[in-house]
Structure formats: structure tokens, C-alpha cells
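K.L.:
Structure in C-alpha cells, see below.
Every read-out reported here was derived from the displayed coordinates using simple, explicitly stated rules and does not represent laboratory data. Computed from a predicted model, the values in this text were never measured in an experiment. Every residue, glycine as well, gets a Cβ built from its backbone with ideal geometry; the counts of neighbours run over all protein chains shown.
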Amino acid sequence: MSISDRRFVGEFAWALLDREAQDRIGAIAMEIAAARYVADVAVCDMAAHRAAVEACEKLGDDILLELAALDELDTNRLLEPNGTWRLPAGAGPLCRECGGEAPHRSRPTCDACAGVGRSPLMLGEAR
Ligand SMILES: [Zn+2]
């Protein structure tokens, strides 16, 4: 298993930033949301879709650079000593085997990985 039980909680990390850093990073996050919206909605407009997807990647990099410059994203804390990764809390319950959605909070794996249903990977191959 490569996914930690512990999560990265953005709300706590955000609270550690000073107001100027929150303003810069918040503005970039709003632009990512706008770009993501265009990427999702303008799927038939190849130029807009492509530009929006690329903007999401660039802006994500910009946030990482901002946080690195501030030394506010301790990436060492994202990898646990046991080799598992702390994923964002907002990702919801995740299967610790395949990384897909795990609808059962009482179990660390999805139905497929628990042997209850078909694997999401198998479902993707059927398309
Ligand atoms: Zn799974």
C-alpha cells in the first residue's frame, strides 16, 4: 500500500501562511479553478481547452514555486517514514490498494480491491 491513512490538511497549512502569501496563493488557486472550469466545459473548443489544461499545469507549478520560496510546503511530511504518501484531505476516501475512490470509510480498500466487485482498472479496459 502506498497511500497513508494520514492526510495533508490544506486548511492547517493555509493557516500557517502570512496574509501576503495567502493573497498570492489564493489568487493563483482562483485562476486554477477558472482554468479547470474552461478545460471541463470547452471540450469542443480545442484551442481554449488546450490552453486551459496547460494553464492548470503552469499555475499548479506556480503555487509549488511560491510555497517552496516561502518554505511553507514541507514535502518531506508528504512521504511517511513507512513509504506511504499523505494525499490531500479533500480527495475524500481513497482505496489504499488502487488509489481509486473507496466508498467505505470502515475499510481501507474499494469494493474491487476487497474482492466485492470489479476492479476500476478492469472497468476502464472494457471501454
Ligand atoms: Zn481499490
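K.L.:
Would you mind pulling out the separation of the Cα centroids of segment 80-102 and segment 2-40, in Å?
P.N.:
Taking the Cα centre of each part, segment 80-102 and segment 2-40 sit 18 Å apart.
K.L.:
Please give the length that would be gained between Q22 and D5 if that part of the chain were fully extended, namely 0.36 nm times their separation in residues minus their C-alpha to C-alpha distance (nm, one decimal).
P.N.:
Full-extension gain reported as 3.4 nm.
K.L.:
So, R0 is 25 Å and r is the distance between the beta-carbons of R107 and F12; what FRET efficiency does that work out to, to 0.05?
P.N.:
0.45
K.L.:
With a/c under 1.5 counting as rounded, go ahead and sort segment 41-116 into rounded, prolate or oblate using the C-alpha gyration tensor (a ≥ b ≥ c being the square roots of the eigenvalues; past the cut-off, prolate if a/b is larger than b/c, else oblate).
P.N.:
Oblate is the answer for segment 41-116, as a/c is 1.5 or above yet b/c matches or exceeds a/b.
K.L.:
Here is a further query. Any number yet on Rg/Rh for segment 1-41, C-alpha, Kirkwood?
P.N.:
With Rh from the inverse mean 1/r over Cα pairs, Rg/Rh is 1.14.
K.L.:
Also, I was wondering about something else. What does the helix-only formula give at 222 nm for the chain: each DSSP H stretch with n ≥ 4 adding -39500 (n - 2.57), the total divided by the residues, and the result rounded to the nearest 500 deg cm²/dmol?
P.N.:
-16000 deg cm²/dmol
K.L.:
Given axes a ≥ b ≥ c from the Cα gyration tensor, I'd like to know whether the chain is rounded (a/c under 1.5), prolate (a/b larger than b/c) or oblate.
P.N.:
Because a/c hits 1.5 or more and a/b fails to exceed b/c, the chain counts as oblate.
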